[in-house]
1. Using +1 on the beta carbon of Lys and Arg, -1 on that of Asp and Glu, and nothing else charged, what's the dipole of the chain about the Cα centre, debye to 20?
2. Under a Cβ-Cβ cut-off of 13 Å, what is the net charge of the residues other than residue 88 that fall near it, where Lys and Arg count +1 and Asp and Glu count -1?
3. Which three extents, in whole angstrom, do the alpha-carbon atoms of the chain cover along their principal axes, largest first?
4. Which order results if 3, 35 are arranged by neighbouring Cβ count within 10 Å, fewest first?
5. What do you get for the angle between helix 15-29 and the principal long axis of the chain? Use alpha-carbon atoms, 0 to 90 degrees, nearest ten.
6. Which value in deg cm²/dmol, rounded to the nearest 500, describes the helix-derived mean residue ellipticity at 222 nm for the chain, given -39,500 (n - 2.57) per DSSP H run of n ≥ 4 and division by the residue count?
7. Where the centre of each part is set by its Cα atoms, how far does region 69-97 sit from region 1-62, in angstrom?
8. How much net charge surrounds residue 6 when only the other residues with a Cβ under 14 Å from the Cβ of residue 6 are counted, with Lys and Arg +1 and Asp and Glu -1?
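Where a number appears in this text, it was derived from the coordinates with a stated rule and is not lab data. Note that the structure is a prediction, hence the values are computed from the model and not measured. Here the Cβ positions follow ideal geometry from the backbone for every residue, glycine too, while neighbour counts run over all protein chains shown.
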Amino acid sequence: MFIVHVHVHVKPDCVEAFKTATLANARESVKEPGIARFDVVQQSDDPTRFVLVEVYRDAAASAAHKETKHYPVWRDAVAPMMAEPRQSVKFSNVFPEEAGW
């Protein structure tokens, strides 16, 4: 598995628009064969902060995700909503070895 956590800080007046655009992207993303899981989480004590937890079957699936029709639509829609540039952190899972997703 290849896991990416995308940390996003949006402008306070853009929270709902960001959620709408991001949920549309997530709904399409989970249809991709290379995506095992795609979570959108919002920070409880600061609703302007989100983490996208993207679990890919391999690194190639992550690259393929960026070539879909829905990814650039999301990327371009949310760019002006950012309070600061989004950051991603990449992980490989240690346990479970076979997640079974």
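1. Details: 12 positive and 14 negative charges, 44 e Å.
With Lys and Arg at +1 and Asp and Glu at -1, about 200 debye.
2. Numbers: positive: 66, 75, 86, 90; negative: 54.
Within the 13 Å Cβ shell, the charges total +3.
3. Extents along the principal axes, in whole Å: 41, 31, 19.
4. Numbers: 3 17, 35 20.
Going from least to most buried by this count: 3, 35.
5. The angle comes out near 20 degrees.
6. On the way: 3 runs with 31 residues, N = 101.
Estimated from H runs of four or more residues: -9000 deg cm²/dmol.
7. The two parts, judged by their Cα centres, are 6 Å apart.
8. Numbers: positive: 37, 49, 66, 75, 86, 90; negative: 39, 54, 84.
After counting each charged neighbour, the total is +3.
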